[in-house]
Amino acid sequence: MPSQRRATSMTLDAALLDEARALGVNLSRAAEEGLLIAVKAERKRRWAEDNAEFIRDYNEWIAENGIPNSDIRITAL
């Protein structure tokens, strides 16, 4: 099912906008792709922030106890 589209307005750097138009860049698609990249990066940052304590504790545990079952791990296929 295709996603719904919604109109919006933006303020952009004039020179960049002029060049993009001159080059035939699809402004809506380019903005959507850039926004998707920014959203993914922010989700990743927030996940790392939300889980930082667990990750730190886990890494400390590994440093103190070693990797669980390391004696039976397959290191090469």
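The values are calculated or read from the model by the stated rules, or taken from the named source; none is laboratory data. Computed from a predicted model, the values in this text were never measured in an experiment. Quick reminder, even Gly has a Cβ in these numbers, built from the backbone with ideal geometry, and neighbours come from all protein chains shown. When the accessible area is computed, the model is the full protein with side chains, heavy atoms only, and any ligands, DNA or RNA have been set aside. Shrake-Rupley method; radii C 1.70, N 1.55, O 1.52, S 1.80 Å.
Of note:
- Listed conditions (1) surrounded by 10 or more Cβ atoms within 10 Å (Cβ to Cβ); (2) out of contact with any helix residue (DSSP H, G or I) (no Cβ under 8 Å at 6 or more places or on another chain) are all met by ILE55, apart from (2).
- Of the residues TRP47, TRP61, the single one that is closer than 29 Å to THR8 by Cβ, open to solvent by 100 Å² or more (accessible area, probe 1.4 Å) and of a type in the set (Phe, Trp, Tyr) is TRP47.
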